[in-house]
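S.K.: Below is a structure I'd like to ask you about.
The values are calculated or read from the model by the stated rules, or taken from the named source; none is laboratory data. Source: prediction; values computed, not measured. Please note: Cβ atoms are built from the backbone with ideal geometry, for glycine as well, and neighbour counts cover all protein chains shown. Surface accessibility is based on the protein's heavy atoms, side chains included, excluding ligands, DNA and RNA. Shrake-Rupley method; radii C 1.70, N 1.55, O 1.52, S 1.80 Å.
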Amino acid sequence: MSQVIAEMSMSLDGFITGPNHSARLPLGKGGERLHEWIYELTSWREMHGLTGGRFNQDAELIAESNRRTGAVVLGRTMFDHGQPFWGDTPPFHMPVFILTHEERQAETKDGGTTYTFVTDGIERALELAKAAAGNKDVKIAGGANVIQQYMGAGLLDELLITLVPILLGNGQKLFEHLPSDIEFVRTTIIESPGVTHLRYRLIHRANA
């Protein structure tokens, strides 16, 4: 059954970016440390058109996520910050739906990525993404505000947190601006040498 999922790296003090994130510094000061665990993995490198790397349980986790995902939803800020780095062959290789307030023509990129700009809200973006994904999952890729909106609306089924053993002290937090009726049911723990992956199923008690 198709699921709506999100995956995020987080510091021990709860931040998913460092402070002062901007177009020039998308992950904030020190925020790149949240993702150092992923850069040398075979499955991540393959997505970015690179060869080599390490194959381990982290790489298999990323490969599994790639296999099960059929479409992606992004916020406009994350798109604007990431697009200069993704270039003409973005790492998605699937339909991407971008939440925005600005009308814009759809774009087709090399490698199978298409960008569709959605101006009428998170539910419409999810509807389009589910149609494009078919039997596969829809990934809510961020940023934090977009994932919070989907969690708050009861539209997120699963959350994978990769806990990175660093402290950032400031930045963006994922677990704020959320209703108190969300229940997080832990389903999987995967311990790796450098990080710990925690998978949760989300239940809104009001709707249970």
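S.K.: Using 1/(1 + (r/R0)^6) with R0 = 35 angstrom and r between the beta carbons of Arg124 and Leu163, what's the FRET efficiency to the nearest 0.05?
M.R.: After rounding to 0.05, the efficiency reads 0.60.
S.K.: Another question about this same structure. At a Förster distance of 22 Å, what's the computed FRET efficiency of His204 paired with Asn145, Cβ-Cβ distance as r, to 0.05?
M.R.: The calculated FRET efficiency here is 0.70.
S.K.: With springs connecting C-alpha atoms under 10 Å apart, model the chain as a Gaussian network and identify which of Gln149, Gln172, Gln105 has the largest mean-square fluctuation.
M.R.: Greatest mean-square fluctuation among the candidates belongs to Gln105.
S.K.: Along the charge dipole of the stretch 87-208, pointing to its positive end and built from +1/-1 on Cβ of Lys, Arg, Asp and Glu, which listed residue (Thr196, Gly112, Pro91) has its Cα farthest out?
M.R.: Thr196
S.K.: Run the simple label-point estimate for Glu64 and Leu155 please: 7 Å along Cα→C-beta, distance reported in nm.
M.R.: 2.7 nm
S.K.: Moving on to the next point. Given all pairs of different Cα atoms, what value in angstroms does the Kirkwood hydrodynamic radius of the chain take?
M.R.: 17.6 Å
S.K.: What does DSSP give for the chain in terms of the percent of beta bridges that are antiparallel, rounded to the nearest 5?
M.R.: Given both bridge residues lie in the chain, the antiparallel proportion sits at roughly 45 percent.
S.K.: Answer with one residue from Leu126, Val4, Gly82: the one whose Cα lies farthest towards the positive end of the charge dipole of the chain, charges on Cβ with Lys, Arg +1 and Asp, Glu -1.
M.R.: Val4
S.K.: Hey, any idea what Rg/Rh is for the stretch 90-208, computing Rh the Kirkwood way over Cα pairs?
M.R.: My calculation of the ratio gives 0.99.
S.K.: How large is the translational diffusion coefficient of the stretch 129-194 in µm² per second when you combine the Kirkwood radius over alpha carbon pairs with Stokes-Einstein at 20 °C and 1.002 mPa s?
M.R.: 151 µm²/s
S.K.: If you roll a 1.4 Å probe over the chain with all protein chains in place, what percent of the accessible area is carbon or sulfur?
M.R.: 50 percent
S.K.: Mind listing the Cα extents of the stretch 1-80 along all three principal axes, in Å, largest one first?
M.R.: Projected onto its principal axes, the Cα set of the stretch 1-80 covers 34, 30, 26 Å.
S.K.: With a Förster radius of 25 Å, plug the Cβ-Cβ distance of Gln57 and Phe175 into 1/(1 + (r/R0)^6) and report the FRET value to the nearest 0.05.
M.R.: E between Gln57 and Phe175, to the nearest 0.05, is 0.45.
S.K.: Also, I was wondering about something else. Please work out how much length the chain gains when fully extended from Arg33 to Thr196, using 0.36 nm per residue of separation minus the C-alpha to C-alpha distance, in nm with one decimal.
M.R.: Contour length minus the Cα-Cα distance gives 57.2 nm.
S.K.: Separate question: To the nearest 10 Å², what's Asp58's accessible area with a 1.4 Å probe?
M.R.: That residue has around 10 Å² of solvent-accessible surface.
S.K.: Another question about this same structure. Which ³J(HN,Hα) values in Hz, rounded to whole numbers, follow from the phi angles of the stretch 18-28 under the Karplus curve 6.51 cos²θ - 1.76 cosθ + 1.60, where θ = phi - 60° and Gly and Pro get x?
M.R.: Using θ = phi - 60°, the values come out as x, x, 6, 6, 7, 4, 7, 9, x, 9, x Hz.
S.K.: Of all GluC sites (Glu not before Pro) in the stretch 119-208, which ones are in loop regions per DSSP and have a Cβ with at most 15 other Cβ atoms within 10 Å?
M.R.: For GluC sites (Glu not before Pro) across the stretch 119-208 that sit outside H, G, I, E and B with at most 15 neighbouring Cβ atoms in 10 Å, the list reads Glu176.
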